[in-house]
Amino acid sequence: MKKITIAVDGLSSTGKSTLAKQLAKKLHYIYVDSGAMYRAVTLYAMQEGFIENGEIAKADLIESLDKIELKFVFNTHLGFAEMFLNGKNVEREIRTLEVSKNVSQVAELEQVRTKLVAMQQEMGKEKGVVMDGRDIGTVVFPNAELKVFMTASPEKRAVRRYKELLDKGENVKYEEILENVQKRDYIDSNRQISPLVKADDAIDFDNSDVGLDDQFQRIYEHALRIIEK
Ligand code: DC
């Protein structure tokens, strides 16, 4: 069967990774969470003291980029790959609200994007990949055969994120999450390099009121139509 590239882009906390993981599992494709890579670089910057009160020491981070080794290691129990930063599993640490608060500023840096986009293109060069992010259908794989652009209301997304973080035992307030979701939307959509925009040929998918199974089924059927063409 022919292999295609699937790009899942959209606003933060729209369930991109849930959909992308479901598609990859069903199609036996590789799943790549590109946001995890930006999060891992952010965690590195925080650990090195390059971020203080939301201010990034940009020159220091850029100078250190060669020292950052990122790797996805497949976890057979979980059924997906976890992010390793310089040999250490950081899957949990990169999902904290602290990292979420700083990641958009890190993702604005041209040098960071150049490094990560090159890695992403390498991972997907054989096709058979589902990658989620913000610029996958526009910059990383502009020729992807299937592009999905996911949106949902900020409130719906904040509730989902809030529940997720509470389940993980984080002590968070709903209002703080809503503010973070809205702030990231703004920075991600208005940055100079590779802003979050819908590719002209992407399917617009608002999942504010769509269940996960229904969402998966609709996009999966779409993928099959392209694969079988
Ligand atoms: O998908 P996520 O919420 O884990 O992504 C975290 C941040 O990384 C997001 O706010 C913007 C940035 N990002 C990006 O700029 N480009 C991507 N392809 C993926 C994520």
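Of the residues examined, Gln192 is not one that is within 13 Å of the ligand (Cβ to nearest atom), modelled with pLDDT of 95 or more and under 28 Å from Lys58 (Cβ atoms). Restricting attention to segment 1-32, the residues that are touching a helix residue (DSSP H, G or I) at 6+ places or on another chain (Cβ under 8 Å), surrounded by fewer than 24 Cβ atoms within 10 Å (Cβ to Cβ), in a strand (DSSP E or B) and not aliphatic (A, V, I, L, M) add up to 1. Scanning segment 121-150 for residues that are farther than 19 Å from Lys229 by Cβ, surrounded by 17 or more Cβ atoms within 10 Å (Cβ to Cβ) and not hydrophobic (A, V, I, L, M, F, W, C) gives Gly124, Asp132, Gly133, Arg134, Asp135, Thr138.
Take Leu61 and decide whether it is more than 17 Å from the chain's Cα centre (by Cα) and surrounded by 19 or more Cβ atoms within 10 Å (Cβ to Cβ). For Leu61, the condition - more than 17 Å from the chain's Cα centre (by Cα) and surrounded by 19 or more Cβ atoms within 10 Å (Cβ to Cβ) - is met.
Here the condition is being touching a residue at least 24 places away in the same chain (Cβ under 8 Å) and aliphatic (A, V, I, L, M); of Ala59, Ala81, it holds for Ala81 alone.
Results for (1) without any contact (Cβ under 8 Å) to a residue 12 or more places away in the chain; (2) in contact with a strand residue (DSSP E or B) (Cβ under 7 Å, 6 or more places away or on another chain), shown as yes or no for each residue.
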residue	(1), (2)
Lys147	no, yes
Ser153	no, no
Lys156	no, no
Lys163	yes, no
Asp167	yes, no
Asn171	yes, no
Ile187	no, no
Asn207	no, yes
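The values are calculated or read from the model by the stated rules, or taken from the named source; none is laboratory data. Computed from a predicted structure; not experimentally measured. For neighbour counting, all protein chains shown are included, and Cβ atoms are generated from backbone atoms with ideal geometry for every residue, glycine included.
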